[in-house]
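Novice: Have a look at this one before I ask anything.
All of the numbers you see were taken from the coordinates with simple rules; none came from a lab. Because the structure is predicted, anything quoted here is derived from the model rather than measured. We place every Cβ from the backbone using ideal geometry, glycine too, and count neighbours over all the protein chains shown.
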Amino acid sequence: MIPTLDELRAAHVAQQPTWPDAAACDAVVDRLRRQPPLVFAGECDALRDRLAAVADLRLEQRHSVRLGDPGADELLGPELNAVLSGPPRRLSRDEIDRCVTRIEEL
C-alpha cells in the first residue's frame, strides 16, 4: 500500500533536512504532485498480464492446471493469487521479486 502524503509527513524521519522556507517546500511538493506519474496504469496492467502468462505456463508445464482451474489458487499462494486476480495496481520491487520467486518455485 502506498502511503498518503499526510501519512508520510506524520512518520518519523531520520534524515530529513530542516527546510528554511516551509512555504517554498510545500509549493514544490504541490508542483510535483501535479506532474504525470512515473508509472502509468497501463504499465501496471502489462506487468500483471505478463506475470499471469508466466504463472499460467509454469502451472501447465509442472502441474497440468491453468489459471482459474481448481487447485491453481493453492499452488500460487495467497500473495501471487491476490496480485493476479485482484485489480491491477502498482507493485513494489519487493512484491515483484516475491511474485517472480513464487512462480519459479511452482
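Novice: Within segment 2-29, restricting attention to residues that are surrounded by 10 or more Cβ atoms within 10 Å (Cβ to Cβ) and not hydrophobic (A, V, I, L, M, F, W, C), which residue is farthest from Leu84 (Cα to Cα)?
Specialist: Asp26
Novice: Going by the conditions given, is Gly68 more than 28 Å from Ile2 (Cα to Cα) and either in contact (Cβ under 8 Å) with a residue 12 or more places away in the chain or loosely packed, with under 14 Cβ neighbours inside 10 Å (or both)? Break it down into steps so the answer makes sense when it comes.
Specialist: Details: more than 28 Å from Ile2 (Cα to Cα): yes; either in contact (Cβ under 8 Å) with a residue 12 or more places away in the chain or loosely packed, with under 14 Cβ neighbours inside 10 Å (or both): yes.
Yes.
Yes/no per residue for (1) closer than 26 Å to Ile2 by Cβ; (2) not hydrophobic (A, V, I, L, M, F, W, C):
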{"site": "Arg33", "(1), (2)": "yes, yes"}
{"site": "Ala41", "(1), (2)": "yes, no"}
{"site": "Asp49", "(1), (2)": "yes, yes"}
{"site": "Leu59", "(1), (2)": "no, no"}
{"site": "His63", "(1), (2)": "no, yes"}
{"site": "Ser85", "(1), (2)": "yes, yes"}
{"site": "Arg98", "(1), (2)": "yes, yes"}
{"site": "Arg102", "(1), (2)": "yes, yes"}
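Novice: Separate question: Taking only segment 59-93 into account, find how many residues are part of a helix (DSSP H, G or I) and more than 14 Å from Leu47 (Cβ to Cβ). Before the answer, list the steps.
Specialist: Just the residues of segment 59-93 that are part of a helix (DSSP H, G or I), to begin with: 59-63, 72-76, 78-85, 93.
If we keep only those that are more than 14 Å from Leu47 (Cβ to Cβ) too, we end up with 59-63, 72-76, 78-79, 81-82, 85.
Qualifying residue count, segment 59-93: 15.
Novice: Is it the case, given these coordinates, that Pro37 is outside any helix (DSSP H, G or I), without any contact (Cβ under 8 Å) to a residue 40 or more places away in the chain and either under 20 Å from Pro3 (Cβ atoms) or of a type in the set (Phe, Trp, Tyr) (or both)? Quick ask: steps written out before the conclusion?
Specialist: Details: outside any helix (DSSP H, G or I): yes; without any contact (Cβ under 8 Å) to a residue 40 or more places away in the chain: yes; either under 20 Å from Pro3 (Cβ atoms) or of a type in the set (Phe, Trp, Tyr) (or both): yes.
Yes: the conditions hold for Pro37.
Novice: Still on this structure, I have one more. Can you tell which of Val28, Val39 is within 30 Å of Ala72 (Cα to Cα) and of a type in the set (Val, Ile, Thr)?
Specialist: On the way: Val28 fails: within 30 Å of Ala72 (Cα to Cα).
Criteria check complete, one pass: Val39.
Novice: Please indicate, with yes or no, whether at least one residue in segment 6-22 is free of Cβ contacts under 8 Å to residues at least 12 places away in the same chain, acidic (Asp, Glu) and assigned to a helix (DSSP H, G or I). Can you show your working first?
Specialist: Just the residues of segment 6-22 that are free of Cβ contacts under 8 Å to residues at least 12 places away in the same chain, to begin with: 6-22.
In the following step, the residues that additionally are acidic (Asp, Glu) were identified as 6-7, 21.
If we keep only those that are assigned to a helix (DSSP H, G or I) as well, we get 6-7.
For segment 6-22, residues free of Cβ contacts under 8 Å to residues at least 12 places away in the same chain, acidic (Asp, Glu) and assigned to a helix (DSSP H, G or I): present.
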